[in-house]
1. In degrees between 0 and 90, to the nearest 10, how far off the longest principal axis of the chain does helix 266-279 point, with axes built from Cα atoms?
2. Could you pull out every residue, at least 5 positions away or on a different chain, whose amide H is within less than 5 Å of the one on Met42? Hs are placed 1.01 Å off N in the peptide plane, and Pro or chain starts have none.
3. Select from region 294-362 those trypsin sites (Lys or Arg not before Pro) which occupy a DSSP coil region and have at most 14 other Cβ atoms within 10 Å, ordered by residue number.
4. So for the pair Gln32, Glu158, with labels modelled 7 Å out along Cα→Cβ, what separation do we get in nm?
5. Each residue of region 44-59 in turn: what ³J(HN,Hα) in whole Hz from Karplus with 6.51, -1.76, 1.60 and θ = phi - 60°, glycine and Pro shown as x?
6. Based on the mean of other beta carbon atoms within 10 Å per residue, what is the order of 258-269, 219-230, 202-213, most packed first?
7. Dipole magnitude of the chain about its Cα centre, charges +1 at Lys/Arg Cβ and -1 at Asp/Glu Cβ only, in debye to the nearest 20?
8. Full extension from Arg133 to Glu52: what is 0.36 nm times the residue separation minus their Cα-Cα distance, to one decimal in nm?
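Read-outs throughout are calculated quantities, based only on the coordinates presented, and are distinct from any laboratory measurement. Being a predicted model, the structure only gives us computed values, none of them experimental. Every residue, glycine as well, gets a Cβ built from its backbone with ideal geometry; the counts of neighbours run over all protein chains shown.
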Amino acid sequence: MPKHVIPETTWPDRETAQSSLLFQPIAIGPIQSRTRTWVPAMVPWRSTENGEATPAVLDWYERFARGKPGVLVVEATGIRDIPSGPLLRIGNDGCIPGLRELVRRVREASDGQTRLLIQVIDFLRIRRRPDRRKFLERFLEITDRHRRGVSQQPGMEERDLSEESAVREALLQLSEESLRSVLTEREWESLEFGFRERVTDTEQPHIANLPQVLPGLFATASRRAREAGFDGVELHYAHAYTMASFLSRRNNRTDGYGGSPEARVRLPLEVFREVRRTVGSDYPVGCRFLGDEVISAGSTVEDAEYYGVEFAAAGMDFLSVSKGGKFEDARQPAVGEAAYPYTGVSGHECMPTVRIEGDPPFGRNLPLSRSIRQRVREAGFRTPVVGAGGIQSFELAEGALQRGDCDLVGAARQSLADPDWFLKMELGRGAEVRRCVFTNYCEALDQKHKEVTCQLWDREFRPGDAAVAVSQDGRRRLVAPPWTP
Ligand SMILES: Cc1cc2nc3c(=O)[nH]c(=O)nc-3n(C[C@H](O)[C@H](O)[C@H](O)COP(=O)(O)O)c2cc1C
Ligand code: SF4
C-alpha cells in the first residue's frame, strides 16, 4: 500500500500561469531560459554499444522538446572513449555529428524555445557480482594472507599451500564465516557485491592520477558539446560517480584531493576551471551535485552549502541540487548483476516514491536547494539554483519559486510521464496533465539497463499498433503519446 497519495491539485488558468514566476524568463549565465522550468538528466538506454545517438535517442529528446521546457538536460554522457554499454558518449570527435543532429531536432521541435544542456559524466569501474566458485577459482588474487588464513582453519593446519591452486581449493571448502575471516573486507565486498573501484584506491596509478587526467577529459568533452551546438554543459558531480566521490566526506585521499572540505572540492574546481578555460566565459557551465549523500559518514547539507559557495565563486552559471543515489548503501545484487546505486535508502531519497518513509516525496528535497541557495546568496552570488524531487503540480513548483527554495524547478519523472506538462500548465490546460504516480516503474527499467519508458504511456497503446515505435520486448511505447496544443 502506498504511504502517500498524489495530492489533488488546482491547475492555473492561462492568465494566472503566464503571470506566475514559473513562466518568467531567467538568466543562466550568458543565456536566457524562456521559463523557469527544467527537465533534469534522465538516461533512457537507447544509444548504440559505442555510445552513439540512435534514431530512438533523437526521438526521445524531440518528444521532450515538444513540451518546450525552459531547459532540457541530456542524459549523463560519458566523457571517455571506452565501451560503456548503451550509454550516450562524448568521448571522441566522432560523437559530434550524432549530437549535432540531436541539437537540431530539439531546436526544431521546441521552435528554438528550449535551452539544451548536456550532462557530462565520469565513472569508475564496477563489475557484476561474481559466482562464488568463479571468484575463488579465477578472480581472487592469492596472497600470503590467504595462505596464513587457510592454514589457521581447523583441519587445514597440515595442508601444503605452496601451489596457488591448493589455496583456491581450500578456500572453496571454507564455510561462509571462515571465508569472510580469511578475505580482506574489500575482497569480501567484491565477492558479495561485485568489484567496485573507488577514488581512494590510490595504490592504482590510474586512480592516483585522476586529478591529472579528469580536467582535460571534461574540458575536451565540453569543447565537443559546444561544437555540437549545445547551449551549455552540466558537470555531473552528483550521485555515485567519480566527481561526487571526490566531494564525499568519505574521501580520505592524502594527496591534497581528500580529507578536508577544501581538499575535497579541489578537483571539482580544477575540472571546472579547465572546462571554463576551454569553452570560454560566454558559454554556460554549471554542475549537478548532492545536497546530502544520505549515507553514514557521508557529506551533509553543510558540506553542500560550502561547495555551492565555492562553485558560485569560481564562476559556475548554475547549480543543480540532487540528493543521495550512492553505491555505499545499495542493495546486494543477484549473482551476474551489478550493484545499482538507487536501491538503498540514499537511492530512494534520490528518486522518492509514494512508499517512502516520513515526509511525502513531493518537494521532499527542496530544503536542500533552499539552504544552499541561501548560503550562496549570503556570500553575494546570484547563481541560479535548480531544485528537484517529486515536483508534480503548479502549486508545488510555483510555491518553491515564491519561497526561494530554488530559481528553476526541475521535474524528471513528471516530465517523463507527460513531456507536455509544463506547456499544458502554461496554456491553462493543466487539467490535461498525465500525472506521475511515483512508483518508479521507469527506474526499475533503468536498473536493468532496459529502454526506459513510463507505464502511463501504455494506457493509450495496443501492442501491434504499427504507427507506434515500441521497445525491444514489443510491449511498450518508446515515447509519450502525442498531444496537440
Ligand atoms: C530513468 C531515470 C534516469 C535518470 N538518469 C539520471 C541521469 O542521467 N543524471 C542525473 O543526474 N539524474 C538522473 N536521474 C535522476 C533525476 O534527474 C531526478 O534527480 C530524480 O528522478 C528526482 O527528480 P523527480 O522526482 O522529478 O523525478 C534519473 C532518473 C530517472 C527516473
Ligand atoms: S513510470 Fe511511474 S514513476 Fe516513472 S514517470 Fe511514469 S508514472 Fe512516474
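1. So the inclination is approximately 50 degrees.
2. Close amide H contacts, sequence-distant or interchain: Glu75, Ala76.
3. On the way: sites: Lys323, Lys326, Arg331, Arg355; in loops: Lys323, Lys326, Arg331, Arg355.
Hits after loop and neighbour filter: Arg331, Arg355.
4. Taking the two extended label points, one gets 8.9 nm.
5. x, 6, 10, 7, 6, 4, 8, x, 8, 6, 8, x, 5, 5, 4, 4
6. Details: 258-269: 18.4, 219-230: 21.7, 202-213: 13.4.
Ranking, from highest mean packing down: 219-230, 258-269, 202-213.
7. Dipole about the Cα centre, nearest 20: 900 debye.
8. Working: separation 81, 0.36 × 81 = 29.16 nm, distance 3.65 nm.
That pair, Arg133 and Glu52, stretches by 25.5 nm at full extension.
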